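The structure appears right after this line, and notes come after that.
Each reported figure results from applying straightforward, stated rules to the coordinates on display, with no laboratory input. As the structure is a prediction and not an experimental result, all values here were calculated from the model. Neighbour counts run over all protein chains shown; Cβ positions are idealised from the backbone, glycine included.
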Amino acid sequence: MLKSEIDKIVANTSGKSGFSGVVYMKNENNVVIESAYSYANRAEELLNTVNTRFGIASGCKLFTAIGICQLVEKGALSFQTRLKDCLDIEFPNFDERVTIHHLLTHSSGIPDYFDEDVMDDFEELWKENPVYNLRSLTDFLPMFQNNPMMFNPGEKFHYNNAGFIVLGLIIEQQTGDSFTDYIESEVFHRCGMRDSGYFSLDRLPKNTAYGYIGNEDDETLRTNVYSIPIKGGADGGAFITAPDMIKLWEGLFNHRLLSEKYTNALLTPYISVKDNVSYGYGIWINKRNNHIFKYHIMGYDPGVSFHSSVYPDLGIKLVVPSNKSSGPFDVIQAIEGYF
């Protein structure tokens, strides 16, 4: 696929979504496309570049899953270890049968602090829980710790952010490190992801895009600084560059993060979500003609949208981050129409 074709695709979709971000594609040997669009900082008219850092919201649940799989590979845990046996935090109403496998596959049934099937507006959470207080994983506990189970463990798939908060707490207890320090050291740095990290919104490093909400045409455009937790964690909120995300995929599939056995464990489609879409450990798996078409991750927050995919049969890796609330899905869909 030629750069000119990608540019046409993005031009067509940006008219609908006002795309702001990066499109970065690599095949087995070469970067095929590396294009940036619109502004990282609109007040200063600073443009996005290929090396701009973007928030990726839930896209980083994969990083949490990799961290857990590393601990399983070391023998500190198993996927069938029960929550009550690996974390010294009281959850009085949780079912004792909840395991790490359940948490990784969104099938635990534990209560969520933000249930995307029930709540439409992520920003509503912060009226009673100010975002500036959410700097660590334990800060999220009062939002779900004492609530009742939603369903029995293993009964069904139900996307759950709190489950990944709990996984992050398990990583902290088992390693003695903060979650973000562990992931930056044992995932990012092992892949050579030197420009990515978990940055506080009030201390963003240079070359980081501000997330934008609203519409510049009617003067409602604003940053997301009061709309998401001030620092990301185990369920979302890391910042990456598009080239760094490619390094993550390469590190995963080349077994620099996990052995082949545990890489395959992470990539196994454990639970069906809908027709031809399954979930592994922190990763979505789509099939076409009964064969895996892509492994992918995605994330949405106010002022953040992100998609990244690996197409194993095509030898292609694609990263599309954005500092607006929509855009990458349309870009990815349009590009996939050419595959």
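Structure data summary
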quantity	calculated
Residues F144, F63 arranged by fewest to most Cβ contacts within 10 Å	F144, F63
Given charges at beta-carbon only (K, R positive; D, E negative), |dipole| of the range 187-304 in Debye	660
Residue exposure sequence - L169, L103, L314 - by fewest surrounding Cβ within 10 Å	L314, L169, L103
Residue among Q145, Y281, S38 farthest towards the positive dipole end of the chain, charges placed on Cβ	Y281
Most to least packed among 172-184, 70-82 [average Cβ atoms within 10 Å]	172-184, 70-82
Packing-based order for 45-57, 18-30, using average beta carbon neighbours within 10 Å, highest first	45-57, 18-30
Vicinal HN-Hα couplings computed from phi for the range 66-71 (Karplus, 6.51 cos²θ - 1.76 cosθ + 1.60; Hz; Gly/Pro x)	4, x, 5, 4, 4, 5
Residue-by-residue Karplus 3J(HN,Hα) for the range 318-332, coefficients 6.51, -1.76, 1.60, Hz, glycine and proline x	10, 10, 9, x, 9, 9, 10, 7, 8, x, x, 4, 5, 5, 4
Of all DSSP beta bridges in the chain, antiparallel share, percent nearest 5	95
Restraint check, K274/K317; K287/K317; K61/K247; K247/K317; K16/K274, Cα-Cα greater than 21 Å	K274/K317; K16/K274
From phi via Karplus (6.51, -1.76, 1.60), per-residue ³J(HN,Hα) for the range 258-264 in Hz, x at Gly/Pro	9, 5, 4, 4, 7, 5, 5
Gyration tensor over alpha-carbon atoms, the chain, equivalent ellipsoid semi-axes in Å	30, 24, 19
